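Bear in mind these aren't lab numbers, they're just calculated from the coordinates by the rules spelled out. Just so it is clear, the structure is predicted and the values come from calculations on it, not from any experiment. In this analysis, Cβ positions are derived from the backbone assuming ideal geometry, glycine residues included, and neighbour counts consider all displayed protein chains.
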Amino acid sequence: MEDLFAGQWTLITGASSGLGEEFARQLAARRANLILTARSEGKLTSLARELREAHAIKTEVIALDLGRAGGAAELCAAVGKLGHPVVHLISNAGFGTYGALSDSDGARQAEMVRLNCEALTVLSNHFVQPMLARKSGGILHIASVAAFQPCPYMAVYAATKAYVLSFSEALSEELRGSGVRCSALCPGPVQTGFQAAAGAQIATSQRRSILTAEETVARGLRGYERNKPVVIPGGLNRVGKLGSWLMPRGLLVRTVGRMMRGKKLAASANG
């Protein structure tokens, strides 16, 4: 069976570390050509060289900040100058912060919305049009299990991921029968640099749900290949999603709030 990615150009945002780096590694092993973007040019250049030499693929690097106003449009223009048709888009760039909204930096929260929602939307709108013209390719958005319920102490982050999930499901339906796909990958806790950047630890109640970055990406790509609108890796994470549907909304928010307060204590104890 022909590999969906082999010989095709794939754009990966947030590719310098975490899940983005793992997507690059797994897709390079499948002989995809890669356009890697993130803020860290040094890390991107090193990764691109390593993957190019190991797998005899083509790579390009674009270092920029998608969280900056106009960053997504800048990326679209930079990719256009390369002249490579983007067949697959992996929208992985994003971040979260931990703490009560009243204690947070408003500018940082606005940057989160711009990166997690606005940039993802701009890129999807730009690249889906030539995909439709070719009747092939697709978009994989990285959401989160946090998308399935409000999340006190990570209120803005969870809301951005709810947007990503809703947007992805709607776009998937719009693309039905077109030859182009869209999936939302909703991972649970994964040990990457995300926790350090967010200023929090994985809660004790979530630790049985932890998957490695390798497992998460492999399952995400498998679901995308099968054209699944929503991919939730891990049985416990899928059970948790079901619980968020069945539990009364008010009780759900209070329960998540208690869990996140415990996360705050754990973060303080470890910091």
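Compute the Kirkwood hydrodynamic radius of region 38-193, taking the inverse of the mean of 1/r over all pairs of distinct Cα atoms, and give it in Å to one decimal. Present the calculation step by step, with values, prior to reporting the outcome.
Values: mean 1/r = 0.0594 Å⁻¹.
One over the average 1/r among Cα pairs gives 16.8 Å for region 38-193.
Taking only C-alpha pairs under 8 Å that are 6+ residues apart, what is the relative contact order of region 6-68 in percent?
34
Taking H as built 1.01 Å from N, whose amide H comes closer than 5 Å to the amide H of residue 182, not counting residues under 5 places away?
Amide H neighbours of residue 182, under 5 Å, 5+ apart: 139.
Give me the percent of Cα-Cα pairs in region 1-122 that sit more than 25 Å apart, rounded to a whole number.
Roughly 25 percent, rounded to a whole number.
Order 138-145, 175-182, 5-12 from most to least packed using the mean count of other Cβ atoms within 10 Å.
138-145, 5-12, 175-182
Please report, to two decimal places, log10 I(q)/I(0) for region 1-73 at q = 0.14, 0.20, 0.28 Å⁻¹ as given by the Debye formula with identical point scatterers on the Cα atoms and no solvent.
The Cα Debye sum returns log10 ratios of -0.39, -0.74, -1.27.
Expected output is a single nm value to one decimal: the length gained when fully extending between residue 77 and residue 49, i.e. 0.36 nm times separation in residues minus the C-alpha distance. What is it?
The residue 77-residue 49 span can extend by a further 7.8 nm.
Compute the convex hull volume of the Cα atoms of region 120-171, divide it by the residue count, and report the result per residue in Å³ as a whole number.
Numbers: hull volume 3.4 nm³, N = 52.
Looking at region 120-171, the number lands at 66 Å³ per residue.
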